[in-house]
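A.B. asks: Structure in structure tokens, see below.
The values are calculated or read from the model by the stated rules, or taken from the named source; none is laboratory data. Please read these numbers as outputs of a predicted model, since none were measured by experiment. Side chains included, ligands, DNA and RNA excluded: accessible areas come from the protein's heavy atoms. Shrake-Rupley method; radii C 1.70, N 1.55, O 1.52, S 1.80 Å.
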Amino acid sequence: MSAGCAGHAIYAAWPPVGACFQNGKSVMKLGRLTVGMMALLGAGVAQADWSPRVVSAQYIATVSYGGASLSYSEDRRANGPLGSFAGKMAAAPYAFQSSLNDFMRQAAVSKGVNFVSGSLSGDPTVQIQPQGNGAVLLSLTGLSYDAYTQFSGKRWGIFSYDCSNHASLANIRVTGQYGAADGRLLSDKVGVNADVGSSTDCDSNISWILPILGNILINTAEGKIDQGIVNGVTGALSQLKDGLFFGRDQNYLTGLNQLIPADKVITLPNGQTFAIGQYVNNNLAYLIANSQLTLKIGKGAVVKGVYGAGEPFNTQITGNVANLQLSVPGVTIGVSLIEQVNVDWQWQCSLRDPSKRCPIP
């Protein structure tokens, strides 16, 4: 013990040997702080990010009719009919988002504004209803769109400004009509309605300088969506209806054929069987012209990393791809399609900064 520490206790581990204090009270206080710090450090090491590694994935369809149901699955790697249908359903909202972004980018540039980003959110619901005379009404709901733009410069050579704008389309409803025989979408029958909003933030008190981009989306005097948006969503609607009924793959299958393959047979509660796949395949033209259809499109299994937690317990991630209800006189068919992904969780120091290195807890 050093001469300056005579008569006083010394902590052997921490503080380092040779440190001492003038009274026991101070020693005890530091001891508590040290234990607390060690606990925090230990907790910090235990807090890790986790990255999922996909082990296997499959699509599972369940078709129901007459109080009975039948399930069948397909490995996602097979690129089979269920995977093809899932791809078509996933592509339609992205086509819609792309058309909106293209329009907003062009509109922003025309006003001297920088387009930053645009995104579509929500899970769309599609409804199809026969209208008679060979026409079918298609409606799309459940989506919202947000666009962000930026504008900076000087006004009158005096005021400098840097502004950002958020333009939104909430509760979007798109409607269109097409011919049941040829699937041709009638461009003059496509309409878009939405709740439009626009807000601007500036680093100075002159936000009125930035064009109100909400007025680009809607002609406020007439309450109509700009024709540029209508033209864009027409293509997205065409893609969606073709994915269900009209577009055919290399095996000459429509989306409905892919969802309910021709070989599927349901055993009813009374013991009789119903060849539901053959029914769909043989009556496609009738179903197109006469069915009442509701289709809810989901995002499938959302596989993403987990931040700052202990290892996740869930190794199976499931998400809805589509839920379909189809009715014609005397027949009602329901189909659900889910995506199921099995994962292993791998420890990673930081998902946000992959270059970061730290010891495995």
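A.B. asks: Among the listed pairs K111/K189; K299/K356; K304/K356; K264/K304; K264/K299, give every one whose C-alpha distance is greater than 23 Å. All intermediate terms of the calculation are to be shown ahead of the outcome.
C.D. replies: Numbers: K111/K189 30 Å; K299/K356 31 Å; K304/K356 19 Å; K264/K304 34 Å; K264/K299 26 Å.
Distance filter (> 23 Å) returns K111/K189; K299/K356; K264/K304; K264/K299.
A.B. asks: A further question on this structure: Under 5 Å between amide H atoms, partner at least 5 residues away or on a different chain: which partners does V116 have, H built in plane at 1.01 Å?
C.D. replies: The list, which skips near neighbours in sequence, is Y148, T149, Q150.
A.B. asks: Among the aspartates and glutamates, select those whose C-alpha is under 14 Å from the C-alpha of K154, and discard any that sit fewer than 8 residues away in the same chain.
C.D. replies: D162, D203
A.B. asks: Taking the radius of gyration and the Kirkwood hydrodynamic radius from Cα positions alone, what is the Rg/Rh ratio for the stretch 235-347, to two decimal places?
C.D. replies: Expressed as Rg/Rh, it is 1.10.
A.B. asks: With a 1.4 Å probe and every protein chain left in place, tell me how much accessible area R105 has, in Å² to the nearest 10.
C.D. replies: 100 Å²
A.B. asks: Once the whole set of protein chains is in place, how much accessible area is left on K88, using a 1.4 Å probe, in Å² to the nearest 10?
C.D. replies: Rounded to the nearest 10, the figure is 50 Å².
A.B. asks: Still on this structure: Ranked from the most accessible area to the least, with a 1.4 Å probe and all protein chains present, what is the order of K241, K111? Don't jump to the answer; show the numbers that get you there.
C.D. replies: Working: K241 5, K111 110 Å².
The most accessible residue leads, giving K111, K241.
A.B. asks: Taking all protein chains together and a probe of 1.4 Å, list D182, D242 from the most accessible to the least accessible. Mind showing how you got there, number by number?
C.D. replies: Details: D182 100, D242 55 Å².
The residues order as D182, D242, largest area first.
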